[in-house]
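Below: one structure, written as structure tokens.
Every number here is computed from the coordinates shown, using simple stated rules; none is lab data. Just so you know, these numbers come straight off a predicted model, no measurement behind them. Neighbour counts are summed over all protein chains in view; Cβ atoms, including those assigned to glycine, are modelled from backbone coordinates with ideal geometry.
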Amino acid sequence: MSADPKEVRRVVLASFIGTTIEWYDYFLYGTAAALVFPTLFFPESDPTAAQMSSLATFALGFFARPIGGVVFGHYGDRLGRKSMLVVTLMMMGVATFLIGVLPTYAQIGVAAPILLALLRIVQGFGVGGEWGGAALMAIEHGHAGKRGFYGSCVQMGVPVGLLLSTAVYWFCTSRLTPEQFLTWGWRVPFLLGIALLGIGMFIRLRIVESPLFAQTAKKNDVSEAPFFEVFSKHPKNVVLAMGARFAENACFYIFSVWVLAYATNYLGVQKQTVLMGVWVAAAVQIFAIPGFGLLSDRLGRRPVYLGGTIFIALFAFPFFMLVQTGTAPMIVLAIVLGLVGHAAMYGPQAAFFSELFGTRVRYTGASIGYQLASPFAGGLAPMIATWLAARSGGSTANVSLYLIGMAAITLVSVWQAAETSKADIST
């Protein structure tokens, strides 16, 4: 059951824009955690400890994401996808704005990092329910032969959000002195989130409910307990979806977040140089993600996903070799290539995960599979990389081996999963 083409385009656009805004909020925190939060919220620690503490608050959001996925998945499968998307967007927007007005350690002491951590948890809880709802709205409205492409359009919200957050930080750091930026300039990108929230709410309130969910609700076939049904009927698919995330999630946060801290702290590279690399890579991903999503409609989800995984494993050592040259062109090239490899996995992922579960529990199943891996794959990745580099005096060899290990987990998981590109998801 599919909506008319105009409605499909409207839903995909609304999901994409809303997701872009939520990920702008989320990545904004990651950039700040790498560049300014250690100084502003953890000034009593030595540099490495401050960096670890700041990245620990970044990781907190990842541990809140599975909880958000379970809660919003439950209500999304019982009450509908649309209403959950409105709530998650509101949570993210308000939390981001409040971070922008949060007093620092110098102003209120230890209460500052505690409040920062709490707001990060709210962000994580919101984004935990966001991805599943946005992906399902696009995929459940779309034509069966284009699910990979429709799902990848929602995934585009990630690089666009990264692009916007990085561009705003890049602009602020280049226009302000370091003293001005640390005093008040870092707040500007967070405060802008409230305007983006208004835009996103206006768009999301205008879309209609998923036709597949509406059909299920009409037949009174809604699951009473989606969480328990997922684990009783689809436990293998949950585990395989989790494993499929390890390489994708870990490499993304190493290549886009931790590289900021590594290049500036160990190599003495200017922040703007690394931000430029992330910005260019995000721009390339805007085209690469839907390209790989479209390719997965033709070749299948597994071949495309496996290709990206193998590339990441092979590129783990060359990535840091390029970054360690300290030159802007090589740093940009490294990040671009790394995120293109990521796009090969991320493009087909929304359709792949959604197709593993039936309509009754699709929101819950896809969200749990996606979000439950996030704390271990992405949330801990910058901290683990920081510890590995510090332990070896700045060497990245162990970080590269860590990425290869993540790729091995994903390779096995995707290899064991069923091909879903031709699956009937109407039931």
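Taking 0.36 nm per intervening residue step and subtracting the Cα-Cα distance, what contour gain separates residue 184 from residue 79 on full extension?
Numbers: separation 105, 0.36 × 105 = 37.80 nm, distance 4.23 nm.
So the extension gain works out to 33.6 nm.
Going by alpha carbons, how many degrees (0 to 90, nearest 10) lie between the helix axis of 193-204 and the longest principal axis of the chain?
Between helix and principal axis, roughly 10 degrees.
If each of residue 327 and residue 13 carries a label point 7 Å out from its Cα toward its Cβ, how far apart are those two points in nm?
Label-label distance for residue 327 and residue 13, simple model: 4.4 nm.
Not counting the cut sites, what is the longest span of the chain without trypsin sites (Lys or Arg not before Pro) that DSSP labels loop and that have at most 14 other Cβ atoms within 10 Å? Provide the component values of the computation, followed by the final result.
Values: sites that count: 206, 219, 422.
The longest such stretch corresponds to 1-205.
Residue 143 to residue 416: FRET efficiency via 1/(1 + (r/R0)^6), r the Cβ-Cβ distance, R0 25 Å, to the nearest 0.05? All intermediate terms of the calculation are to be shown ahead of the outcome.
Working: r = 28 Å, r/R0 = 1.13.
According to the calculation, E is roughly 0.30.
Enumerate the residues in segment 108-151 having an amide nitrogen under 20 Å from the point lying 7 Å beyond the Cα of residue 201 toward its Cβ.
Correct set: 119-120, 122-131, 134.
What distance in nm separates the two pseudo spin-label positions at residue 267 and residue 408, each 7 Å out from Cα along the beta-carbon direction?
Each label point lies 7 Å from its Cα, and together they span 2.7 nm.
For helix 235-253, report the angle its Cα long axis makes with the longest principal axis of the Cα atoms of the chain; keep it between 0 and 90° and round to the nearest 10°.
Tilt relative to the chain: about 30 degrees.
Straight-line reach from residue 236: which aspartates and glutamates fall under 15 Å, measuring Cα to Cα and dropping same-chain residues less than 8 apart?
Filter leaves 355, 419.
Expressed in nm to one decimal, what extension gain is obtained for the pair residue 239 and residue 310 from 0.36 nm per residue of sequence separation less their Cα-Cα distance?
Working: separation 71, 0.36 × 71 = 25.56 nm, distance 2.01 nm.
That works out to 23.5 nm of additional length.
With θ set to phi - 60° and the Karplus curve 6.51 cos²θ - 1.76 cosθ + 1.60, what are the ³J(HN,Hα) couplings of segment 352-359 in order, to the nearest whole Hz, using x for Gly and Pro?
With the stated coefficients, segment 352-359 comes to 4, 5, 5, 6, 7, 10, x, 4 Hz.
If each of residue 111 and residue 46 carries a label point 7 Å out from its Cα toward its Cβ, how far apart are those two points in nm?
It works out to 3.1 nm between the two label points.
Using alpha carbons only, how many angstrom separate the centre of segment 125-186 from the centre of segment 352-427?
Using only Cα atoms to place each centre, the spacing works out to 19 Å.
So what is log10(I(q)/I(0)) for the chain at q = 0.09, 0.11, 0.14 1/Å, when the Debye sum runs over its Cα atoms only?
With one equal scatterer per Cα and no solvent, log10 I(q)/I(0) is -0.50, -0.75, -1.23.
Which longest run of the chain has no exposed loop site in it, a site being GluC sites (Glu not before Pro) in a DSSP loop with at most 16 other beta carbons within 10 Å, and the site itself not part of the run?
Working: sites that count: 44, 224, 419.
Of all site-free stretches, the longest is 225-418.
May I ask for the angle, rounded to the nearest 10°, between helix 5-35 and the longest principal axis of the chain, with both axes built from Cα atoms and the value confined to 0 to 90°?
Approximately 30 degrees, to the nearest 10.
Based solely on its DSSP helices, what 222 nm [θ] is calculated for the chain when runs of n ≥ 4 H residues each add -39,500 (n - 2.57) and the sum is averaged over all residues, nearest 500 deg cm²/dmol? Present the calculation step by step, with values, prior to reporting the outcome.
Working: 20 runs with 331 residues, N = 427.
Helix contribution divided over all residues of the chain: -26000 deg cm²/dmol.
At what distance in angstrom do the alpha carbon centres of segment 209-245 and segment 251-317 lie from each other?
Measuring centre to centre over Cα atoms gives 30 Å.
Name the aspartates and glutamates eligible as straight-distance cross-link partners of residue 218: C-alpha to C-alpha under 14 Å, and not fewer than 8 places from it in the same chain.
77, 209
Taking R0 as 35 Å, what's the FRET efficiency between residue 298 and residue 208 from their Cβ-Cβ distance, rounded to 0.05?
On the way: r = 29 Å, r/R0 = 0.83.
Approximately 0.75, to the nearest 0.05.
Taking a threshold of 31 Å on the Cα-Cα distance, which of the pairs 146/271; 6/233; 146/219 fall above it?
Working: 146/271 40 Å; 6/233 35 Å; 146/219 26 Å.
Over 31 Å Cα-Cα: 146/271; 6/233.
Which FRET efficiency, nearest 0.05, do residue 177 and residue 101 yield, Cβ-Cβ r, R0 22 Å? Mind dumping the intermediate values first?
On the way: r = 22 Å, r/R0 = 1.00.
So the FRET efficiency works out to roughly 0.50.
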